[in-house]
Amino acid sequence: MQSIINHKNCKVLDKGNDMALNDFRAVFLPYCIEKQPDGKYVVLNREYKPVGFKTKEHIKYEEYPICIELKGIGLATAAKLSYKGDSNTDKIYLYNDGCVPTESAEHMKNYLKRLEILAKLKVD
């Protein structure tokens, strides 16, 4: 499967575990969606916390009403959502540290295309 969005401009960076929680994007915008054992998904921010959670503490997803069933997540949709065109439906990354949406207009444009696809999915 190939992503409809070019990911060749994404660099592979290792910024370690020193992520900032002082930037809106890192807390409130989706970084990835992760499938749970029951088949539902959690939308996670850059800290791997549910979107909107501003904490570094461990979160047990099952303790919060945050798991959703996303209709239409198949291999083709996963590849379109993934910044690198990966069809894996278990964990779908919308961007990485090499193509952070707030770092360039091109990165933001590509991220917003992926969000447009995600936003049209139905939830239960």
Residue pairs meeting the criteria (Cβ under 6 Å; at least 6 apart or on separate chains; first surrounded by 15 or more Cβ atoms within 10 Å (Cβ to Cβ), in segment 85-111; second β-branched (V, I, T)): T89/I73; I92/I33; G98/V12; N110/I5
Residues satisfying the stated conditions in segment 29-64, i.e. in a loop (DSSP other than H, G, I, E, B) and acidic (D, E): D38, E47, E57
Where a residue in segment 48-74 is at negative phi and among the acidic types (D, E) and its partner, wherever it lies, is in a loop (DSSP other than H, G, I, E, B) and surrounded by 15 or more Cβ atoms within 10 Å (Cβ to Cβ), with Cβ under 8 Å and at least six apart: E69/K40
Candidate set: segment 112-124, residues that are of a type outside the set (D, E, K, R) and in contact with a strand residue (DSSP E or B) (Cβ under 7 Å, 6 or more places away or on another chain); chosen: the one surrounded by the fewest Cβ atoms within 10 Å (Cβ to Cβ): V123
Residue selected from segment 65-81 under the condition assigned to a helix (DSSP H, G or I) and in contact with a strand residue (DSSP E or B) (Cβ under 8 Å, 6 or more places away or on another chain), by the criterion surrounded by the most Cβ atoms within 10 Å (Cβ to Cβ): L81
Meets criteria (over 23 Å from L21 (Cβ atoms) and either out of contact with any strand residue (DSSP E or B) (no Cβ under 8 Å at 6 or more places or on another chain) or modelled with pLDDT under 95 (or both)) for K109: yes
Hey, E57 within 21 Å of V123 (Cα to Cα) and surrounded by fewer than 16 Cβ atoms within 10 Å (Cβ to Cβ) or not: no
In segment 24-47, the residues that are without any contact (Cβ under 8 Å) to a residue 24 or more places away in the chain and under 17 Å from L118 (Cα atoms): L44, N45
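The values are calculated or read from the model by the stated rules, or taken from the named source; none is laboratory data. As the structure is a prediction and not an experimental result, all values here were calculated from the model. Glycine also receives a Cβ, built like all others from the backbone with ideal geometry; neighbour counts cover every protein chain displayed.
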